[in-house]
Amino acid sequence: MRKHTAILMTAALLLTGGCGKKGEEAMNTDEKSQAETHVVQQVMTEHGEMKYYRFGKKGGRPYVILPGLSLKSVMGSAAAVEKAYAAAAAEYDVYLIDRITEFPGDYSIFLMAEDTLQAFHELGLKDPVVMGVSQGGMIAQVMAYESPEDVGTLVLCSTSCSTASANRSAMEEWRNLAVKKDGPALMDSFGRYVYTPEFYEKYRDVIVAQAEGVTDLDYQNFVISIDSTMDFDVTGSLRDIHCPTFVIGAGNDQVLGVQGSLDLMEKLNCEGYIYEGKGHGVYDEEPDYLQRILDYLKKTESVKRQETE
């Protein structure tokens with residue numbers, strides 16, 4: 001099944017392994033081999049070590065993926081992400097960038113953005129496409145108005161400029177389960193909020209199984225990440241974002257709500273697409289999701305070339 005066999009890139013967790021039977025469909029033999037041989041690298045930022053994984057067309061335009069909150073390091077998903085983003089890797093130099101390894105006690109979205117910008121500088125990324133998913137999209141927004149020269153194009157997925165109207169009960173439930181270190185219950189709750197019922201019931205066992213191997217540090221980082229998201233609001237700063245932006249949202253988003261995507265489209269006066277009837281994790285459920293992004297990038301890059309000729 002298209003990218004389901006490679007990755008479940010969720011709103012609040014980046015789940016590795018994909019859908020279907022845990023062994024064969026979640027990760028085939030080639031993917032297992034790749035997971036064992038891929039090289040994760042790191043850069044140092046003000047607040048700690050930040051890991052990243054690079055793949056794709058060397059020398060191509062950088063395409064940076066900033067995932068949402070992660071219960072476990074997204075680097076465990078590196079091989080799966082590479083397979084899922086093969087279409088982007090054919091044209092772009094793709095970077096999957098994690099958060100720092102150990103969060104300080106108060107690690108806000110703004111500090112996350114500061115560290116990510118520092119990583120961009122260390123890596124020498126020029127005119128990058130920055131694709132932010134959920135909390136990653138919040139980080140990307142801050143980066144775009146704080147340091148516009150470091151963000152060439154924004155792609156904002158299932159995210160918002162404010163969590164004022166977000167489903168706080170969902171986030172509070174996840175936080176409480178993380179404090180209790182009840183990984184299976186956390187993943188179950190997460191899947192029910194993020195996906196459509198049909199999708200979740202089909203892949204429930206694989207999703208819940210992602211709680212295996214979670215450490216105390218993982219739970220600690222997760223709780224801090226949830227806290228950093230609760231009162232996020234950069235609505236007043238969107239006027240300072242001027243780069244090309246594409247927004248994708250879902251009509252039945254039970255985490256941040258479809259209004260978050262609609263507000264971004266309106267306030268940034270940008271293009272976007274809403275998948276009606278889909279949930280927050282629409283990026284896993286719709287087969288044309290990545291292609292919509294690539295089509296937008298192709299169009300905007302063509303216009304940019306014509307303007308400079």
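Miscellaneous remarks
- Exceedance of the 28 Å cut-off in Cα-Cα distance is limited, within the set Lys267/Lys299; Lys51/Lys304; Lys57/Lys299; Lys181/Lys202; Lys51/Lys181, to Lys51/Lys304.
- Relative exposure of His242, His280, judged by other C-beta atoms within 10 Å (fewest first): His242, His280
- Based on DSSP H segments of at least four residues, each scored -39500 (n - 2.57), the chain has a per-residue ellipticity at 222 nm of -13000 deg cm²/dmol.
- Two tests apply to each whole DSSP H helix in the chain, Cα reach of 20 Å or more along its axis and mean Kyte-Doolittle hydropathy of at least 0.5, and the ones passing both are 109-123.
- Sorting Ser77, Ser134 by the number of Cβ atoms found within 10 Å of their own Cβ, with the fewest placed first, yields Ser77, Ser134.
- Within the chain: Cβ-based charge dipole about Cα centre, in debye rounded to nearest 20 (Lys, Arg +1; Asp, Glu -1): 620
- Residues whose amide H comes within less than 5 Å of that of Val155, counting only those at least five positions distant or on another chain, are Val130, Met131, Gly132, Phe246 (H built at 1.01 Å from N in the peptide plane).
- Comparing Gly260, Gly152, Gly277 in a Gaussian network model of the chain where C-alpha atoms under 10 Å apart are linked, the largest mean-square fluctuation is found at Gly277.
- Ordering Asn252, Tyr296, Gln118 by the projection of their Cα atoms onto the charge dipole of the chain, which places +1 on the Cβ of Lys and Arg and -1 on the Cβ of Asp and Glu, puts Tyr296 at the extreme positive end.
- Cβ-based exposure ranking for Cys161, Cys270, in which fewest neighbours within 10 Å come first: Cys270, Cys161
- Centroid-to-centroid separation of the range 91-108 and the range 168-232 [C-alpha atoms, Å]: 19
- Only one item in (i) 0.93; (ii) 1.00; (iii) 1.04 matches Rg/Rh (Cα atoms, Kirkwood Rh) derived from the coordinates shown, and that item is (i).
Values in this text are rule-based calculations from the coordinates and carry no lab data. As the structure is a computational prediction, the values presented were derived from the model and not from experiment. No Cβ is skipped: glycine too gets one built from the backbone with ideal geometry, and neighbour counts run over all protein chains shown.
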